[in-house]
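This report refers to the structure that appears directly beneath it.
The values are calculated or read from the model by the stated rules, or taken from the named source; none is laboratory data. Please read all numbers here as calculations on a predicted model, not as lab measurements. Reconstructed Cβ throughout: ideal geometry from the backbone, glycine too, with neighbour counts over all protein chains shown.
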Amino acid sequence: MLKLFELIVAASLVNNFVFTRYLGLCIFMGVTKKMETALGMSMTFTAVMVISAAINWVAYNFVMEPYHLEFLKILVFVAIIAGFVQSADTIMRKVSPGLYYKLGIYLALIITNCIILAVPLTIAESHYNFIQSLVFGLGSGLGFALALIIMASIREKLELADVPRPFQGLPIAFILTGLIALAFVGFSGLITL
Amino acid sequence: MSAAQKISYFGLIRNGIFGENPVFRVALSLCPAVAVTNTLKSGLLMGVAVFFVQVMANISISIVRKLIHARIRLPAYILIIGTWVTVANLLLAAYEWPIYKEIGLYVELIVAFAIILSRAELFASKNEVVPSLFDGLGMGLGFMFALGAISFVRELLGNGALMGYHVVNTHPVLLFALPMGGFFAVGLLMGFFNWIDIRFFGGHGASGAGH
C-alpha cells in the first residue's frame, strides 16, 4: 500500500511530466491562458490517462509480449488511444451532450499528445503490474493537472504585467516554466523507487 | 511554367524554415526543443529523425489521400506516421545507440507531434505528391534549424563546447547547461526572433497560438 502511495508521489511530483521530463508542452502552453480551460483539460486528461494505462497494459502483457511484438508498441499504443478517444467522443456526444459541450474539445486535442503516449511506453519499459500501472496513470494525470493549475494561475496574473513586446505570449511563458522547473528540482531525491 | 513552379517549391521550403517555423512561429512540437537540446549532436540527430518522418509521412499520406474516408482520416494518418516513426526509431537504435539511450523516449514520441499531423491534415491531404514532398522538406528543415539553433546556443554557453569538442574557454553559464535550461533558451530565442521580426520586418511577432 505504501509502495502505491510512493508511486503516486513519484509520478506526480518527483518525475512530473511537464517540469522534469519536458513533455506535453504544446497542450501545456495552449490551454493555460485561462483557469477554466486548464481545469477542464486536467480532468479530461487524468481520466483518459488512467483508462489508457489500463487498456494498454492489457494489450501489452497479454498480446504483444507473448507474441514478441514489442517493436510494434508505438503503433499499437497509438491505435488503441486514437480508437478509444474517438469512441469516447462519439459516446459522450450521444449520452451526455452537456459534458460533451464542456470537455469535447479537449478530447480532440488529446490524440496528439505526448504524455498520453508516454504513460503506456513508460509502463511497458518499467514492467509495472496492473494496479501499479493504474496508479502510475493516476499520478501522472494529477501531476499534469497540478502543472496546468500552477501555470494558469500565474498566467492570469501575467495579463496585467508589463512584459516587453517581443516577449509577450509564449516566450515569457517559457521562461516562467523554466523557473517553476527549477523549483521542482527540490523534489528530486524525495523518493527513490 | 517550370519557373513559376520552381519559385513556389522554393517558397514552400522557405515557408517551413522562416514563415511558419514549427518551433519558433507555429509553436507546435515544443517538447523536444526543450528536452533533447543540451548538446548539438543530440539536437541535430533528433532534427534528422523528425525530418525523415515528416518527409516520408507527407509523401505517403499524399499518395493514399483519395483512398481514405474523411471521417477516419485522423486515425489513419496517425497510423501512417506511427509506421515511419517505428522505422526511424529502430534505425536510430541500431546505428546511434549511445545517443539513442538518452533521446529514445522522445524519438518514440515523434508520433504524437502536432506539427507532423497538422502538415498531413493541412497540406498533404489536399496536394499532389511533389508539393507535399517539398512542404515536408521545408517543415523538416525548419525543425532541424530550430533544434540546431537552440542546442548550439545551449552547448556553447552551457559547456563552452560544440559537438563535444571544447571551443571557448570562458566560465560556463550553468543556466543553459541544466536540464531545464531548454526552457530559458527557447524563451530567449523566441523573444529574439520576435524582436527581429518586429524591429526589421514590421511584423507583429508571433503571439504563439499554442495548440
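Does B:Leu67 meet the test of being over 20 Å from A:Pro120 (Cα atoms), more than 14 Å from chain A (Cβ to nearest Cβ) and either surrounded by fewer than 24 Cβ atoms within 10 Å (Cβ to Cβ) or aliphatic (A, V, I, L, M) (or both)? So B:Leu67 fits the description; yes. Only one of A:Gly98, A:Gly141, A:Gly104 is under 20 Å from A:Phe17 (Cβ atoms), more than 9 Å from every other protein chain (Cβ to nearest Cβ) and of a type outside the set (Asp, Glu). Can you tell me which? It is A:Gly141.
Does B:Ala27 satisfy the criteria of being touching a helix residue (DSSP H, G or I) at 6+ places or on another chain (Cβ under 9 Å), on the phi > 0 side of the Ramachandran plot and in contact (Cβ under 8 Å) with a residue 12 or more places away in the chain? Against the criterion (touching a helix residue (DSSP H, G or I) at 6+ places or on another chain (Cβ under 9 Å), on the phi > 0 side of the Ramachandran plot and in contact (Cβ under 8 Å) with a residue 12 or more places away in the chain), B:Ala27 qualifies. Tell me yes or no: at least one residue of the range A:61-71 is loosely packed, with under 15 Cβ neighbours inside 10 Å, assigned to a helix (DSSP H, G or I), out of contact with any strand residue (DSSP E or B) (no Cβ under 6 Å at 6 or more places or on another chain) and within 14 Å of chain B (Cβ to nearest Cβ). Yes: one or more hits. Does A:Tyr22 meet the test of being at positive phi and buried (at least 16 other Cβ atoms within 10 Å of the Cβ)? Yes: the conditions hold for A:Tyr22. Out of the residues in the range B:140-154 that are surrounded by 24 or more Cβ atoms within 10 Å (Cβ to Cβ) and over 8 Å from the mean Cα position of the chain (by Cα), which is nearest to B:Thr37 (Cα to Cα)? Top of the filtered list is B:Ser151.
From the set of residues in the range A:144-168 that are under 24 Å from A:Phe45 (Cα atoms) and of a type outside the set (A, V, I, L, M, F, W, C), which is farthest from the other protein chains (Cβ to nearest Cβ)? Looking at residues that are under 24 Å from A:Phe45 (Cα atoms) and of a type outside the set (A, V, I, L, M, F, W, C), I get A:Ser153. Sort through B:Gly158, B:Gly140 and tell me the only one that's closer than 16 Å to B:Val26 by Cβ and either within 14 Å of chain A (Cβ to nearest Cβ) or in a helix (DSSP H, G or I) (or both). None of the others qualify; the one that does is B:Gly140.
Remark: B:Val168 falls outside the filter, which requires a residue to be buried (at least 18 other Cβ atoms within 10 Å of the Cβ) and either polar (S, T, N, Q) or without any contact (Cβ under 8 Å) to a residue 40 or more places away in the chain (or both).
For the range A:8-29, the set of residues classified as hydrophobic (A, V, I, L, M, F, W, C) and more than 9 Å from every other protein chain (Cβ to nearest Cβ) consists of A:Ile8, A:Val9, A:Ala10, A:Ala11, A:Leu13, A:Val14, A:Phe17, A:Val18, listed by residue number. Taking the listed residues B:Thr39, B:Thr86, the one that is farther than 18 Å from B:Val129 by Cα and modelled with pLDDT under 85 is B:Thr39, with no other qualifying. For the range A:17-36, what are the residues that are closer than 18 Å to B:Phe113 by Cβ and hydroxyl-bearing (Ser, Thr, Tyr)? Passing the criteria: only A:Tyr22. Checking A:Ala183, A:Ala173 one by one, the residue that is within 11 Å of chain B (Cβ to nearest Cβ), loosely packed, with under 15 Cβ neighbours inside 10 Å, at pLDDT 85 or above and farther than 22 Å from A:Met49 by Cα is A:Ala183 and no other.
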